[in-house]
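Right, one structure below, let's go through it.
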Amino acid sequence: MNMIALTVNQRAVRALAEPRTHLADFVREKLDLTGTHLGCEHGVCGACTVLLDGVPARSCITYAVACEGAEVTTIEGLDEDEVTAELRAAFTREHALQCGYCTPGMLVSARDLVLRLPQADERLIRVGLSGNLCRCTGYVGIVRAVQSVIEARRARDIAPEPDGGCKILGPVGSSRSVHHGADRAERVWPAASEQASPEAARSVSSISDFVPATVLNQQFSVTHPPEQVFEMFDDIAAVAACLPGASLTTPPKPERVEGAIRVRIGPIAATFLGAARVERNPTDMSGRIVGIGSDRRSRSSTQGEIRYRLVPIKQGTRVDLSIGYTLTGMLAQVGRPGLVRDLAARLIAEFAANLDRRLSGTSPDDATAAELNGMALIFSLLRAQVARWVGRFSSRNDGAT
């Protein structure tokens, strides 16, 4: 059991929690704040959404101990909130709820949209609420309710809050908090526009080391000697051309690169804009890339670290990779480690194939320049999983006969 201290609904709280206890269970069972509902318990349905340092987060996949020193606001903490009061009235007026089980999480997410959307754009509202599932209403009344509140507030000359990005503490056990009562550091990430802006990337003042929340170990091989591969890795523009969805926004410098990577998962399209620090060690043919980036539309931020080492093998070179990352914001709610690990394996396979072609003097496929389409990769993963299931089922039937 760990003693954790945090602020819940503007009240200081100290309580014991097991390391495995999720924030949703903590506020429901320890604090009797049962307005936070548990639905899927996989971070998909959004019924458990709370505010974590002012940013909507899935409390069912956020460990309570990871929130040491954080400010948590549940639906009960929004009883006197002006925006939430307007939304409650609008939900009633537009018949935006039936059973009401999804409503607390829906109101928390809707409040975030009201505060930051400049106008009542239906498409943006639907995208913003795509992480909150409702099995009753069909969403029409919900969207109308959110639109009406945004329109009413803008008509009263209440401007949206400026885009400032997320604080460093994030959902899903991001390890961004400093434990045991130490002061928590906070940082405002640079905003990323829909079109990558070099000026925004240059606003990143420093790229510091960090402790990643998730680490993935991967490796691949290419049929070229280590010296040639290591020299290729020094050409940042060429390497970026091999990575699906990646592009440079400024000419690369010896120890720093600025660029963007575009990702699409279903209705969510994100352009992460940022910068990276590049380190190389010719002695053992290893290197390290540490980067940060943010996407303005989803209010998601990321820190990432890639360590690589080239190992000579009989057929060429084996590239050992260690990929660590921390993701905060809306996209963290769908970034479960298992899915990310499978997607990373497919992404690295594409990168390896493109790298091998470029080393052989052939340009990578044009598809790599567009975007990383998460849904296409997910469907390929599902097809492979179905094939494995069918194979196991057939094997059992053959054994039975």
- Note on the structure: Counting only protein heavy atoms and leaving out ligands, DNA and RNA, the solvent-accessible surface of residue 248 at a 1.4 Å probe, in Å² to the nearest 10, equals 60
- Item | Environment charge of residue 47, counting only residues whose C-beta is closer than 14 Å and scoring Lys/Arg +1, Asp/Glu -1 | +1
- How many nm is it between the label spots at residue 360 and residue 311, if each spot is 7 Å from the Cα in line with the beta carbon? 2.4
- Task: At 7 Å along the Cα-to-beta-carbon direction for both residue 238 and residue 42, put a label point, then send me their distance in nm to one decimal.
- Result: 4.3
- Item | Efficiency of FRET between residue 136 and residue 215 - r from beta-carbon atoms, R0 51 angstrom, step 0.05 | 0.80
- Task: State, to one decimal in nm, how far the label point of residue 76 lies from the label point of residue 2, with both points 7 Å from Cα in the Cβ direction.
- Result: 2.3
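Which order do 20, 280, 153 take by accessible area at a 1.4 Å probe, largest first?
Descending order: 20, 280, 153.
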- Residue separation between residue 283 and residue 122 times 0.36 nm, minus their alpha-carbon distance, gives in nm 52.4 nm
- Message: I'd like the distance separating the alpha-carbon centroids of the range 10-78 and the range 223-244, in whole Å.
- Response: 44
- Stretchable slack from residue 151 to residue 18, in nm (0.36 nm times residue separation minus alpha-carbon distance): 43.4 nm
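The values are calculated or read from the model by the stated rules, or taken from the named source; none is laboratory data. All figures in this text were calculated on a predicted structure; none of them were measured in a lab. Counting neighbours? That spans all protein chains shown, and the Cβs are built from the backbone with ideal geometry, glycine included. Ligands, DNA and RNA are stripped out before the accessible areas are found, and what is left, the full protein with its side chains, is counted by its heavy atoms. Shrake-Rupley method; radii C 1.70, N 1.55, O 1.52, S 1.80 Å.
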